[in-house]
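Novice: Take this structure first; my questions come after.
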Amino acid sequence: MITTTAFPIQLLVLEDDPGLQSFLHTLLQSQGYQSMIQAEGQQGFALLKNHSFDLILLDLGLADMDGIEWLQQLRSWSEVPVIVISARGKEQDKVRALDSGANDYVTKPFSSAELLARVRATLRQQQKTAKPLAFADIKLDPVQRIVTKAGEQVHLTKTEYDILLLLVRHLGSALTHNQILQQVWGEHYQDRPEYIRVHMAQLRQKLEDNPSAPRHLKTEAGVGYRLCE
Ligand code: CA
C-alpha cells in the first residue's frame, strides 16, 4: 500500500514478546507504515513525549505494567487511537479494554490480514473525525500535521504544532499553563510556565503579522494563553 499522506503513518507498538515484535515490525513496514517498538509501558510514555503517533498497538501484558493501566493513563491526556492486541480473549477483558478507551481489540493469535484491516479501519475512522481546523488565514490539517498561513506551508516543531493544535481546539477559551503542560508535555508536567513561553514566542514569530503585538496568540496574564479568531 502506498500512503497518500505527506508523511508516513507512524505507529507505536508496545509488545514484550521478541518474536511478535519483529513480526509486527516487518508486517507494518511491508505496508509503508513506520513503527517504533517498545516492551515497556514507561518507555512508551517516554516516546510519546517526543514523537507523534497516528496509532498505537498495545499488548496487555507488558514487561513493566498492565496494558489496561497504561491505556487509562494515556487516555487522561491523549486521544491517539489504540488497538489492543492480546491473548486475553474473554468477553470481560475486551469490555474492560474498550471501556478504558481502546478503539479496537484483536485477540492473539491473529492473522496478518485481519490486523492490517483493523489498522486501516481505525486510521480511516480517525481521518473522518479529524476535520481541518482554522483561524484567520491559518489552517491546520491534523491528519497530515501541516499548517498553512495564507496558503503557504509554515514549518513548526512538534511541540509548537501540539500547542497550536490544542489552542485551536479550544479557540476563544483561555487555557491555563498547567492544562497546556499536561496536554503537550505529559501528565507529570506542571508549574513550569517557562517551558511554554519559548515555544509561544516561536509560534508568534511564525504565525503573527506583528509578533510583538499578537492578534491571535494572546497571553492571559497570570493564567495562560488564549487563541483568538
Ligand atoms: Ca506480553
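Novice: Scan segment 74-89 and give yes if some residue there is basic (K, R) and either part of a helix (DSSP H, G or I) or away from the ligand (no atom under 16 Å from the Cβ) (or both), otherwise no.
Specialist: Looking for residues that are basic (K, R) and either part of a helix (DSSP H, G or I) or away from the ligand (no atom under 16 Å from the Cβ) (or both), one finds at least one in segment 74-89, hence yes.
Novice: Looking only at segment 43-64, count every residue that is open to solvent by 30 Å² or more (accessible area, probe 1.4 Å) and within 15 Å of the ligand (Cβ to nearest atom) and tell me the total.
Specialist: 4
Novice: Check off (1) modelled with pLDDT under 95; (2) part of a strand (DSSP E or B); (3) among the β-branched types (V, I, T) for V143 and give me the number that stays unchecked.
Specialist: (2)
Novice: Something else: Restricting to segment 101-138, give me the number of residues that are among the basic types (K, R) and crowded, with 18+ Cβ neighbours inside 10 Å.
Specialist: So the count comes out to 1.
Novice: Between a residue in segment 10-31 that is within 12 Å of the ligand (Cβ to nearest atom) and part of a loop (DSSP other than H, G, I, E, B) and any residue that is open to solvent by 40 Å² or more (accessible area, probe 1.4 Å) and among the polar types (S, T, N, Q), which pairs come within a Cβ distance under 7 Å, given they are 6 or more apart or on different chains?
Specialist: Filtered contacts from segment 10-31: E15/Q21.
Novice: Of the residues E220, E208, only one is more than 30 Å from F45 (Cβ to Cβ) and acidic (D, E); which?
Specialist: E208 is the lone residue from the list that is more than 30 Å from F45 (Cβ to Cβ) and acidic (D, E).
Novice: Which ones in segment 121-148 are in contact with an Asp or Glu (Cβ under 6 Å, 6 or more places away or on another chain) and closer than 22 Å to R197 by Cβ?
Specialist: F135
Novice: Quick one: in segment 179-219, which of the residues that are in contact (Cβ under 8 Å) with a residue 40 or more places away in the chain and open to solvent by less than 50 Å² (accessible area, probe 1.4 Å) is nearest to V154 (Cα to Cα)?
Specialist: L207
Novice: Tell me which residues, restricted to segment 67-91, are open to solvent by less than 50 Å² (accessible area, probe 1.4 Å) and in contact with a Gly (Cβ under 8 Å, 6 or more places away or on another chain).
Specialist: Once the filter is applied, which keeps residues that are open to solvent by less than 50 Å² (accessible area, probe 1.4 Å) and in contact with a Gly (Cβ under 8 Å, 6 or more places away or on another chain), segment 67-91 yields G67, W70, L71, L74, W77, V82, V84, S86.
Novice: Can you tell me which of G32, G89, G61 is over 18 Å from the mean Cα position of the chain (by Cα) and closer than 21 Å to V143 by Cα?
Specialist: Result: G32 is the single residue among G32, G89, G61 that is over 18 Å from the mean Cα position of the chain (by Cα) and closer than 21 Å to V143 by Cα.
Novice: Could you list, ordered by first residue, the pairs with Cβ atoms under 9 Å in which the first is in segment 52-64 and over 18 Å from S35 (Cβ atoms) and the second is more than 16 Å from the ligand (Cβ to nearest atom) and not in a strand (DSSP E or B), at least 6 apart or interchain?
Specialist: Between residues of segment 52-64 that are over 18 Å from S35 (Cβ atoms) and residues that are more than 16 Å from the ligand (Cβ to nearest atom) and not in a strand (DSSP E or B), there is no close pair.
Novice: If you don't mind, there's one more thing I want to ask. Going residue by residue through segment 146-158, is there one that turns out to be surrounded by 15 or more Cβ atoms within 10 Å (Cβ to Cβ), in a helix (DSSP H, G or I) and either under 22 Å from the mean Cα position of the chain (by Cα) or not assigned by TED's automatic domain parsing to the domain that holds S76 (or both)?
Specialist: There is no residue in segment 146-158 that is surrounded by 15 or more Cβ atoms within 10 Å (Cβ to Cβ), in a helix (DSSP H, G or I) and either under 22 Å from the mean Cα position of the chain (by Cα) or not assigned by TED's automatic domain parsing to the domain that holds S76 (or both).
Novice: Considering T176, T159, T148, which residue is modelled with pLDDT of 85 or more and touching a Lys or Arg at 6+ places or on another chain (Cβ under 8 Å)?
Specialist: T148
The values are calculated or read from the model by the stated rules, or taken from the named source; none is laboratory data. Owing to the predicted nature of the structure, the values given are computational and were not obtained by experimental measurement. Because the Cβ atoms are built from the backbone with ideal geometry, glycine has one as well, and the counts that use them run over all protein chains shown. Protein only, heavy atoms only, side chains kept; ligands, DNA and RNA dropped before computing areas. Shrake-Rupley method; radii C 1.70, N 1.55, O 1.52, S 1.80 Å.
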